[in-house]
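Note sheet for the following structure.
The values are calculated or read from the model by the stated rules, or taken from the named source; none is laboratory data. A quick note: this is a predicted structure, and the numbers were derived from the prediction, not measured. As a convention, Cβ positions derive from the backbone with ideal geometry for all residues, glycine included, and neighbour counts pool all protein chains shown. Ligands, DNA and RNA are stripped out before the accessible areas are found, and what is left, the full protein with its side chains, is counted by its heavy atoms. Shrake-Rupley method; radii C 1.70, N 1.55, O 1.52, S 1.80 Å.
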Amino acid sequence: MELNNVIWDNRYVKREERNQFNKHKSGFVLLTGLSASGKSTIAHHVERKLFNRGVHAYVLDGDNIRHGLNSNLGFDREDRKENLRRIVEVSKLFVDAGIVVLGAFIFPYYEDREYIRRRFDGDNFLEIYVKCSIEMCEKRDPKGQYQKARAGIIKNYTGISSPYEEPRNPDLVIDTERTDIANAVQLITALLAERRILDVD
Ligand code: ADP
């Protein structure tokens, strides 16, 4: 691919200026965990709370992205890699645009999450492990997908026929069998405040 003539033009509005304008910084908050662990539910509640406080926050959700940008991708290892790459690049653009991205993605592989960490290079990347036992996730099964995975109708389903590697050193663990949604939201906004994402220097 010839990229020599493509120049990243960054002369105009700088990210720091956007932060000053918004009165907060931006960043990528990854909520990783099994399907039905509660990632999207929590992400949308955090989004609402931040929005009400005047913070530009936006949920990127695995399912939504697969319906649009990544609709041509499946679930084998190669497609999962490309799914990841596109999500990371889009998220980086959102972060550059000054937004607090709440990414509700399973991202089951340790290696993939480390790739994201490297791509953000210490740039306000937070990893939150939304923890829930596979038994409880199967019991919740809000979209009926576990049932289909058990029946072999859905292949390579994380937790059933494809592994989920638990985060080794996440910034926060939320156990949704013990923490209710309001509490989870509180823990995440407290973490964002502690890491100084909700204010400017
Ligand atoms: P995911 O995005 O991880 O696939 P969802 O948020 O779509 O999961 O679904 C999680 C389901 O679990 C929802 O129906 C939600 O209402 C329910 N739930 C029960 N307790 C909790 C909790 N403490 N935190 C988040 N979700 C919970």
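Scan segment 6-18 and tell me whether some residue there is in a helix (DSSP H, G or I), away from the ligand (no atom under 16 Å from the Cβ) and either aromatic (Phe, Trp, Tyr) or at pLDDT 90 or above (or both). Within segment 6-18, one or more residues are in a helix (DSSP H, G or I), away from the ligand (no atom under 16 Å from the Cβ) and either aromatic (Phe, Trp, Tyr) or at pLDDT 90 or above (or both). All conditions in (1) within 16 Å of the ligand (Cβ to nearest atom); (2) under 18 Å from Ala193 (Cα atoms); (3) not hydroxyl-bearing (Ser, Thr, Tyr) hold for His56, with the sole exception of (1). Taken over segment 150-173, the criterion of being in contact with a strand residue (DSSP E or B) (Cβ under 9 Å, 6 or more places away or on another chain) and not basic (Lys, Arg) is satisfied by Asn156, Tyr164, Glu166, Pro167, Asn169, Pro170, Asp171, Leu172, Val173.
Contact map, segment 175-189: first residue more than 15 Å from Cys137 (Cα to Cα), second residue among the charged types (D, E, K, R), Cβ cut-off under 9 Å, separation 6 or more or different chains; pairs are Val185/Arg48; Val185/Lys49; Gln186/Lys49; Ile188/Lys49; Thr189/Lys49; Thr189/Arg53. Please identify the pairs in which a residue from segment 140-159 that is without any contact (Cβ under 8 Å) to a residue 40 or more places away in the chain has its Cβ atom under 7 Å from the Cβ atom of a residue that is hydroxyl-bearing (Ser, Thr, Tyr), counting only partners at least 6 apart or on another chain. From segment 140-159, the pairs are Ala149/Tyr157; Ala149/Ser161.
Condition (residue is at positive phi and within 9 Å of the ligand (Cβ to nearest atom)) applied to segment 29-36: is it met by at least one residue? The answer is yes, given that some residue of segment 29-36 is at positive phi and within 9 Å of the ligand (Cβ to nearest atom). When residues in segment 143-157 are screened for being surrounded by fewer than 13 Cβ atoms within 10 Å (Cβ to Cβ) and among the β-branched types (Val, Ile, Thr), 1 of them pass. Among the residues of segment 144-173, those identified as in contact with a Pro (Cβ under 9 Å, 6 or more places away or on another chain) and within 12 Å of the ligand (Cβ to nearest atom) are Thr158, Gly159, Tyr164. When the test is whether a residue is away from the ligand (no atom under 16 Å from the Cβ), among the basic types (Lys, Arg) and assigned to a loop (DSSP other than H, G, I, E, B), Arg196 passes it.
Residue-level analysis places Asp123 among those that are out of contact with any Pro (no Cβ under 9 Å at 6 or more places or on another chain), open to solvent by 40 Å² or more (accessible area, probe 1.4 Å) and not small (Gly, Ala, Ser).
Considering Ile87, Ile99, Ile116, the condition of being open to solvent by 30 Å² or more (accessible area, probe 1.4 Å), of a type in the set (Val, Ile, Thr), modelled with pLDDT of 95 or more and touching a Phe, Trp or Tyr at 6+ places or on another chain (Cβ under 9 Å) is satisfied by Ile99 alone. Do we find a residue being at pLDDT below 95 and on the phi > 0 side of the Ramachandran plot anywhere in segment 136-149? No, segment 136-149 contains no residue that is at pLDDT below 95 and on the phi > 0 side of the Ramachandran plot. The set of residues in segment 11-52 being of a type in the set (A, V, I, L, M, F, W, C) and surrounded by fewer than 17 Cβ atoms within 10 Å (Cβ to Cβ) consists of Val13, Phe21, Phe51. The set of residues from segment 109-143 being in a loop (DSSP other than H, G, I, E, B) and within 12 Å of the ligand (Cβ to nearest atom) comprises Cys132, Asp141, Pro142, Lys143. Under the condition of being within 16 Å of the ligand (Cβ to nearest atom) and in a helix (DSSP H, G or I), the residues counted in segment 37-53 number 11.
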